[in-house]
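This report concerns only the one structure given below.
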Amino acid sequence: MSLLLRGGRVVDPSQDLDASRDVLLVDGEVRELAESIEASPGVEVLDVAGKVITPGLIDIHAHLREPGQEYKESVLTGTRAAAAGGFTAVVCMANTDPVNDNASVTEHILAQATRHGYARVYPVGAISKGLRGEELAEMGRLAAAGVVAYSDDGRPVESSELMRRALSYARHFGLPLVQHAQDLPLSGEGAMHEGEWSARLGIPGIPAAAEDLMVARDVLLTELAGGRYHLQHLSSAKSLDLVRAAKEQGLAVTCEATPHHLLLTDEEVFRSGISTNTKMNPPLRSERDRQALLEGIADGSIDCVATDHAPHHVDEKRVPFNVAPFGIVGLETAVGLCLDRLVAQGVVDLSRLVDLLSCQPAKIMGLPGGSLRPGAVADVTVLDLDQEWTVDASRFESKSSNTPFDGWSGRGAPLHTIVGGRLISLSASE
Amino acid sequence: MNQSGWTRKHLLGVADLVPEEVELILDTAHSFLEVAHRPIKKVPTLRGRTLLGLFFEPSTRTSSSFEIAAKRLSADWVNFSTSSSSLRKGESLYDTARNLQAMAPDMVVVRHAFPGVPEMLAAEMDCGVINAGDGAREHPTQALLDAFTIRQAKGRIEGLEVAIIGDIEHSRVARSNVSLLTKMGARVTLAGPRTLLPAAAESLGAAVAYSVEEAVAGKDVVMMLRVQLERQHRALFPSLREYFDFFALTRERLAGAKDDVIILHPGPMNRGVEIASDVADGPFSVILDQVTNGVAVRMAVLYLLSIATTEAA
């Protein structure tokens with residue numbers, strides 16, 4: 001099976017390339033990049049003149065909700081959402097029901113992914129059994145079954161002792177520990193960022209220090225135990241300082257930021273009329289924090305962008321803000337938002353955005369992809385920088401529509417998603 | 001009484017009211033005050049209207065005040081008791097709203113533990129919605145009756161110095177009062193234990209003081225807030241007696257206030273905790289006037305909103 005992408009502009013920071021190239025994909029691999037490639041017989045040709053070809057985009061933070069919460073999302077709908085959003089691969093979190101703390105659950109998720117095949121799926125295994133934060137999950141058996149990292153995401157690992165052992169033990173398998181960093185007692189019943197807007201709205205706040213505390217602890221534990229530590233959805237300026245210091249020290253510490261923390265602040269809770277689609281964890285922070293994050297993605301101290309795609313059913317979100325579940329969907333809005341609000345605004349250039357959404361995610365999680373070098377896996381995203389879009393949550397591929405970006409418009413969107421050399425078509429129903 | 005440009009169907013908060021609307025409510029309330037002195041305390045203004053009281057949080061004072069206001073206007077008042085209702089059976093707020101809507105009330109008066117619930121109801125229902133307290137966010141009729149009481153005692157609001165003292169963090173009364181009184185030209189100082197002040201208290205639009213003495217110095221109006229006794233268990237202050245020792249309003253602490261200071265309290269009071277009995281019952285207290293005025297202010301609000309709903313119909 002061969003596919004030739006003709007006439008496009010290849011942007012691939014992994015080989016420092018930004019130039020017009022034809023790209024030939026053969027048998028699931030990138031075969032050749034050249035200024036002009038003749039199509040041999042039997043090669044399907046895709047005209048992408050005027051479009052941008054990038055290594056397949058990878059979202060290393062998504063909740064596909066399967067098994068157990070298929071009313072919110074499933075591997076099928078989640079990967080369709082990924083493909084629609086320009087992602088060729090998603091890393092899915094372990095807080096399913098049952099929890100992905102054992103090889104059978106991992107195998108089930110992978111089997112579902114193979115069956116549907118709209119995007120690659122890389123499961124994350126739990127750090128602790130049942131995400132209870134008490135005993136280590138069977139990290140070795142999980143690794144053997146195919147998990148790419150360990151995380152209790154949804155719940156921070158509260159016990160410093162367990163976190164230390166987890167960092168240490170995970171080294172045997174070479175996989176990173178991925179943390180939702182939050183000091184729970186300090187967060188209390190908080191439902192939004194603690195600051196001006198929580199004071200004005202009378203909504204309990206989550207201080208940025210709740211994140212900073214655990215980031216500081218985890219950096220110290222990484223120094224103590226070694227291993228690789230990846231901080232999820234960094235949202236506070238101070239936490240970014242802590243990550244910078246850890247990197248300067250040479251620790252294997254990486255972090256991600258989400259499009260919503262890069263684009264929105266706590267004022268959005270007020271502006272939206274206290275919409276539960278502005279409630280996520282960590283919460284939308286202050287403008288000062290947001291500016292720090294923008295600096296972080298530009299200067300490289302934030303390694304990558306991930307969505308924290310967290311689907312919830314409309315009935316779950318249609319409740320008072322204080323008691324609504326945290327989280328928003330992100331797979332189908334991330335790329336458009338980044339192109340329009342980050343690249344077009346000059347926060348980062350296109351090459352850096354591809355680095356943030358493809359090369360670095362692949363590197364952090366040790367995944368195939370993140371490059372269009374010959375021999376690399378044939379996962380490709382094609383972007384149309386001129387495509388105008390308006391978010392219409394009612395038309396999402398995702399089962400859920402909990403987004404604060406409904407109605408937003410912009411320019412620049414994913415056009416094609418190619419997984420293993422195969423052009424993904426969402427119209428072909430199962 | 002007025003064709004005076006009242007257009008709102010809902011009273012969700014005071015934050016977006018303009019001063020002219022506040023004046024209109026207070027003037028209208030003034031004209032309703034005398035109903036309480038009639039032998040038959042009833043006017044036919046809202047005859048045939050159905051008003052629903054929807055108190056998701058226990059409330060005696062506010063719900064009674066609304067009920068009396070409604071009845072004095074000849075409206076039919078129905079209490080939708082949330083303790084014995086379908087809510088206990090797990091019905092969602094969304095479904096409650098839709099079911100109540102199906103009974104076609106003219107207005108709903110709602111109290112709920114969480115901010116934003118009145119907006120949720122207003123979005124789902126055709127009738128007018130009055131916020132009778134949404135969590136720690138707003139309690140508009142309380143702020144209006146406080147403003148009415150201040151104006152009644154002082155003849156004005158503009159230029160007055162007001163202190164609000166106590167549990168600011170958890171107080172919808174404080175938030176609505178800061179918003180309303182500053183809008184009407186008063187200057188407000190907030191005070192209380194630091195553990196009961198919001199992290200960004202100054203962003204509410206008031207000055208912040210950290211002792212009762214400092215807060216009351218030179219004030220025309222001192223408003224004390226109720227201490228919710230369960231806060232003690234969340235380590236927000238050590239004990240009630242210590243609260244009284246350091247943060248209560250006593251005669252001695254009141255010495256620095258203006259000679260004609262007035263004392264307000266939204267009730268119910270904890271005597272000997274946030275306020276000393278001799279201050280609560282003393283010559284400066286207008287606490288019972290607040291209760292009397294509350295009925296008139298709520299009559300005014302029900303009346304004005306009913307104009308808007310009628311005209312919209």
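Assorted remarks:
- Test: residue B:143 is more than 14 Å from chain A (Cβ to nearest Cβ), assigned to a helix (DSSP H, G or I) and under 19 Å from the mean Cα position of the chain (by Cα): no
- Check on residue A:125, open to solvent by less than 50 Å² (accessible area, probe 1.4 Å) and farther than 27 Å from residue A:280 by Cβ: no
- Looking across region A:223-236, the residues that are farther than 17 Å from residue A:149 by Cβ and open to solvent by 10 Å² or more (accessible area, probe 1.4 Å) come down to A:223, A:224.
- Answer residue from region A:168-201, given it is more than 25 Å from residue A:138 (Cα to Cα), free of Cβ contacts under 8 Å to residues at least 60 places away in the same chain and open to solvent by less than 10 Å² (accessible area, probe 1.4 Å) and is farthest from the other protein chains (Cβ to nearest Cβ) among those: A:187
- Selection count, region B:101-118, where residues are surrounded by fewer than 20 Cβ atoms within 10 Å (Cβ to Cβ), out of contact with any helix residue (DSSP H, G or I) (no Cβ under 7 Å at 6 or more places or on another chain) and either within 14 Å of another protein chain (Cβ to nearest Cβ) or part of a helix (DSSP H, G or I) (or both): 2
- Residue ranges of helices (runs of 4 or more DSSP H) in region A:318-429 with at least 1 members in contact with a Cys (Cβ under 7 Å, 6 or more places away or on another chain) and of a type in the set (Gly, Ala, Ser): none
- Options A:158, A:211; residue that is acidic (Asp, Glu) and under 26 Å from residue B:201 (Cα atoms): A:211
- If only residues of region B:200-252 that are surrounded by fewer than 18 Cβ atoms within 10 Å (Cβ to Cβ) and within 20 Å of residue B:284 (Cα to Cα) are counted, the one that is nearest to the other protein chains (Cβ to nearest Cβ) is B:214.
- Residues being touching a Phe, Trp or Tyr at 6+ places or on another chain (Cβ under 7 Å) and either facing another protein chain (nearest Cβ under 10 Å) or open to solvent by 10 Å² or more (accessible area, probe 1.4 Å) (or both) - total across region A:270-288: 4
- The number of residues in region A:294-315 being open to solvent by 50 Å² or more (accessible area, probe 1.4 Å) and within 29 Å of residue A:72 (Cα to Cα) comes to 3.
- Within the set B:255, B:276, the sole residue that is of a type outside the set (Phe, Trp, Tyr), more than 20 Å from the chain's Cα centre (by Cα) and open to solvent by 20 Å² or more (accessible area, probe 1.4 Å) turns out to be B:255.
- Residue check for residue A:384: touching a helix residue (DSSP H, G or I) at 6+ places or on another chain (Cβ under 9 Å), acidic (Asp, Glu) and crowded, with 16+ Cβ neighbours inside 10 Å: no
The values are calculated or read from the model by the stated rules, or taken from the named source; none is laboratory data. Just so it is clear, the structure is predicted and the values come from calculations on it, not from any experiment. Cβ sites come from the backbone with ideal geometry, for glycine too, and all protein chains shown count toward neighbours. For the accessible areas, the whole protein counts, side chains as well, though only heavy atoms, and no ligand, DNA or RNA atoms are used. Shrake-Rupley method; radii C 1.70, N 1.55, O 1.52, S 1.80 Å.
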